Every structure is written in structure tokens, then in C-alpha cells.
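The values are calculated or read from the model by the stated rules, or taken from the named source; none is laboratory data. All figures in this text were calculated on a predicted structure; none of them were measured in a lab. Counting neighbours? That spans all protein chains shown, and the Cβs are built from the backbone with ideal geometry, glycine included.
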Amino acid sequence: MRLVILGGSGSGKSTQAQRLCRYFEIPLISTGEILREAISGNQPLPGFRWSEADPRTSLSVYASLSELGYHARPYMQKGELVPDKMIIELIQIRLRQPDIQCDWVLEGYPRTAFQAEELDFLLDDLGQKLDWAIYLQVPEAVMVSRSLGRSLPDDQPEIVQRRVELFYDRTIPILEYYDRRRCLLTINGDQSPEMVQQNILTLFSVP
Ligand SMILES: Nc1ncnc2c1ncn2[C@@H]1O[C@H](COP(=O)(O)OP(=O)(O)O)[C@@H](O)[C@H]1O
């Protein structure tokens, strides 16, 4: 099962991504989590070793997570999107890491049309196909109130507002991209995590 979870800040992407990974026993790739790890300078995520990054990725490879964090920090601190090239490079490396086989949940990526197109090229290259893009739809006020209620370092009011703006401006357009490919599932995210998960599994027609 290969899934992408789409939604604005505070839509429940991370919560549902973690639930689906537990249910299907497949790994989670969260760009927000990788970037926050990179910025915090903690040990690299288990299974994610830059030094073993696949040399076939012709793009420049960051020598370490902290280098990625150094470049990503200024954007995240303003609620801006990290440049596509950096994120695409991150995903190209991450999906080729040995701990990722052919089933995964991708959360926080894609966020732009360019990222969505590059994901399709990468999956073609890997001989994989995306099963579903799951869009968690919640009202803007719910996104903002949930994000402000979290304790993530990039959840200050002005940053949250900018992330929501960017969601409508850059990520909403890719819903059409996946709808055209008949792999978009739209779920009401403004309900309990249990109900959201049940709605998703029902659409997969999983008991
Ligand atoms: N696919 C991506 N493209 C560009 N920037 C990203 C991407 N994923 C995460 N980021 C950066 O990391 C920050 C936090 O991401 P995330 O935890 O997914 O936030 P949100 O709660 O807004 O979904 C974003 O505001 C953005 O700066």
C-alpha cells in the first residue's frame, strides 16, 4: 500500500499517517518530522542515514541532516515552504533508503504541483505506483486552532497563518492533479481521529 496524506497545518495529517502506518504495518515518511529533526540537530531518524544515501541520486547530497537543517531553518521559521529542489532531493534519497521497501505512507509531501510531478517520475523510476492520495478536509478555523494548540516549534500564530495561506495557494491545486488520476480520496477531517481513520479504511473497503 502506497499512500500520500494531504491537508493543511493542523488537519490531522500526522495523526492519520501514524494510525495508517500502524494499521498496515508500513513505514511513515514525514517531511515535517525529518526537517524538524534536521533543525534540532538530534541523531538522524532510525533507518535514515545520509552517509549511505544512494549515489545514483545525481542531485547534490547533503553531508548530514544538520546541513539540511541549516538550509531549511530560515524557511520553516517563517512558515514558508522549503524550496522544492531540497525537498524533492530529500524524498528521492529517503524512498531509496534500505528501510523503505515498496509500501509506505508519505505525509507532508507533496505540497506543490512540481513536487507531485517529481514524485510520479521517482515512482516510475522505482517501478512503484501511488495507490491513494488522502485529503483531510477541515475548515480553516479548525486548522488554525488545532495548530496553535500544539507545541511544535513552528506553531506561532503568524507562522501558522502563513502555512495555511500556502496550503490554499500551493497544495489545494494538487488535489485536482490526483483527482484527474482517480486516486484522490477526500475525508472530513473535522471529527475524532478514530472516526477519520474509520472513514479512510471504509473507503479502502477494509473491514
Ligand atoms: N513538502 C514540503 N515542501 C516544502 N516545505 C515543507 C514540506 N514539508 C514540510 N515542509 C516545511 O516544514 C514545515 C512543517 O511541516 P509540517 O510539519 O508538515 O507542517 P504542517 O503542520 O503545516 O503540515 C512546513 O511549514 C514547511 O516549512
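Things to note:
- For beta carbons closer than 6 Å, sequence separation of 6+ or different chains, a first residue in region 1-30 that is under 22 Å from TYR177 (Cα atoms) and modelled with pLDDT under 95 and a second that is of a type outside the set (A, V, I, L, M, F, W, C) and more than 16 Å from the ligand (Cβ to nearest atom), the qualifying pairs are MET1/ASP103; MET1/ASP131.
- Residues in region 4-26 that are in a loop (DSSP other than H, G, I, E, B) and touching a helix residue (DSSP H, G or I) at 6+ places or on another chain (Cβ under 9 Å) were compared, and the one that is farthest from the ligand (Cβ to nearest atom) is ILE26.
- Residue list for region 93-131, restricted to those being under 16 Å from PHE24 (Cα atoms) and in contact with a strand residue (DSSP E or B) (Cβ under 9 Å, 6 or more places away or on another chain): ILE100, CYS102, ASP103, TRP104, VAL105, LEU106, GLU107, LEU130, ASP131
- Counting the residues of region 166-207 that are among the acidic types (Asp, Glu) and closer than 17 Å to LYS13 by Cβ gives 2.
- Of GLU33, GLU107, GLU80, all but one fail to be modelled with pLDDT of 95 or more, closer than 28 Å to VAL144 by Cα and within 9 Å of the ligand (Cβ to nearest atom); the exception is GLU107.
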